[in-house]
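Comments concern the structure below.
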Amino acid sequence: MSAKRWALAFLIGLAVVAGWIYAMRAPAERRPAAPPGPTAAALPLNRPPSALARLAETSAASAVAPPAAPHPITAPVAAKPRIGSEGYGPHIERAQAGNDAAAAWEAVEWLRQCASNEEKRQSYEGLRGERIPQEMLAQLMLEADAEGRLCQTVTARHRAMLQELALRAIRGGVPHAATGFAELVSPDDLAPGLRQEVADAMRRDANAGQPGSLVGVLARGTAWGLSDEERLAYLVALGEMHGNGGAALVRQWIAQRAIQFKAEPTPQQLAAAQTVAQQIIDRARANKPP
């Protein structure tokens, strides 16, 4: 789960193929219980860029030394065999009526997939005839069409459940639910108490060493009130966990302006970040099954 970019010439050929793979990935979410915030219908879904644009960022990535700006990458959500012609609608309702946090997040993912499926399908259509494997393109279009059929039973009433479902998943400790929700909404659209709850959950997951959450807070943490010191520690932890060398990764990303800080970290700040990062890594290792 990561992303990067590189040079123009190679990008044109390579970017297209990686885009398809990325376009097949996405999640979603919804609601608060206490503070009276705006309804989910009023919350803007930050649509992912078109497959081709996303592609240019991701595919051209792995060939370059310094990684590009982090983008939370979500696991592909395939249509489950248990979902038939009834589509996602009844299953979203069942998740909303229950109290299973994992089921709530799965419903959020379906809602987000449905929100972006038409745009994704149009992106594929626009790539017909391009110098890419047309068999792969045809397969992706078939899958988008199948997804579209499952989305036909998703109505405005289901979309209005987004925030409720997402917050249930966050409060239930579903990994990456907090950063996934933060990707979908603007913090300014939430009541202060709810905004703080989401930010605290982002910290909780990142401090537990969840890689996807570490990437998410690096990409969006500033908007949600996370400090430069926190983000610096998360960046170092991410680099160490992936064998890139935390301090070296910090220098690369800052030089590439992939991660923005108010000021370049001092040696003292970097040393403090490395201490916190090691604590995060230790927690992540302790929580991993043997």
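A few notes on this one:
- Accessible surface, the stretch 95-240, averaged per residue in Å² (probe 1.4 Å): 39
- Order by protection proxy (mean Cβ within 10 Å, highest first), peptides 136-144, 201-209: 201-209, 136-144
- All C-alpha pair distances within the stretch 131-290, sorted into 10 Å bins from zero, spread as 10, 31, 26, 22, 10, 1 percent across the bins.
The values are calculated or read from the model by the stated rules, or taken from the named source; none is laboratory data. In this text, all values refer to a predicted model and were calculated from it rather than measured experimentally. Cβ: placed from backbone, ideal geometry, glycine included. Neighbour counts: every protein chain shown. Accessible surface areas use protein heavy atoms only, side chains included; no ligands, DNA or RNA. Shrake-Rupley method; radii C 1.70, N 1.55, O 1.52, S 1.80 Å.
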